[in-house]
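Notes for the one structure printed next.
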Amino acid sequence: MMRQPRQHSDKHLDFVRSLPCLVCENNIETQAAHIRYADDRVAKRYCGKGEKPDDKFTVPLCGKDHQHQHSMNEREYWEKAGIDPVFVALALWSVSGNYELGMQIIQRAQER
């Protein structure tokens with residue numbers, strides 16, 4: 001199967017950065033964190049080092065949590081946080097640009 005070109009959207013990344021951290025709610029230094037692990041529920045393949053996933057697979061994380069996400073097994077990181085980042089990322093992609101709906105998605109995901 002031939003790989004599709006990576007979906008990139010500066011506008012969506014800016015939207016994700018406008019939201020608070022999905023884990024700790026810090027809203028000062030948010031980064032767009034890409035989810036690298038594969039998820040066959042949505043036909044998402046694994047992206048290794050040096051390759052970024054599509055921008056639709058991003059969630060807002062503060063610098064500390066973004067670094068922590070990459071410092072350990074990513075699936076374990078999200079399981080420990082009690083958050084399904086793929087669901088959140090795709091939900092944010094579906095409302096990209098709408099800050100109010102984006103905040104609603106983040107707040108709902110934080111109810112754990």
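None of the figures in this text is laboratory data; all of them are computed from the coordinates on show. Model, not experiment: these values are computed from the prediction. Glycine also receives a Cβ, built like all others from the backbone with ideal geometry; neighbour counts cover every protein chain displayed.
Shown is the FRET efficiency for N26 and D84, computed with R0 = 25 Å from the Cβ-Cβ distance and rounded to the nearest 0.05: 0.80.
Comparing Cα centroids, the range 91-112 and the range 43-90 end up 16 angstrom apart. Projecting label points 7 angstrom from Cα along Cα→Cβ for E51 and D14 puts them 3.0 nm apart.
In order along the range 70-83, the Karplus-derived 3J(HN,Hα) couplings, from 6.51 cos²θ - 1.76 cosθ + 1.60 at θ = phi - 60°, round to 8, 8, 9, 4, 4, 4, 4, 4, 6, 4, 4, 6, x, 10 Hz, and Gly and Pro are given as x. Rounded to the nearest whole Hz, the Karplus-based 3J(HN,Hα) values (6.51 cos²θ - 1.76 cosθ + 1.60, θ = phi - 60°) of the range 64-69 follow the sequence 5, 6, 5, 5, 4, 4, with x at glycine and proline. Spin-label model, Q67 to V42: label points 7 Å out along the Cα-to-beta-carbon direction sit 2.7 nm apart. Taking log10 I(q)/I(0) by the Debye sum over Cα atoms at q = 0.09, 0.17, 0.22 Å⁻¹ as calculated from this structure, the corresponding entry among (1) -0.21, -0.77, -1.33; (2) -0.34, -0.86, -1.08; (3) -0.25, -0.79, -1.16 is (1).
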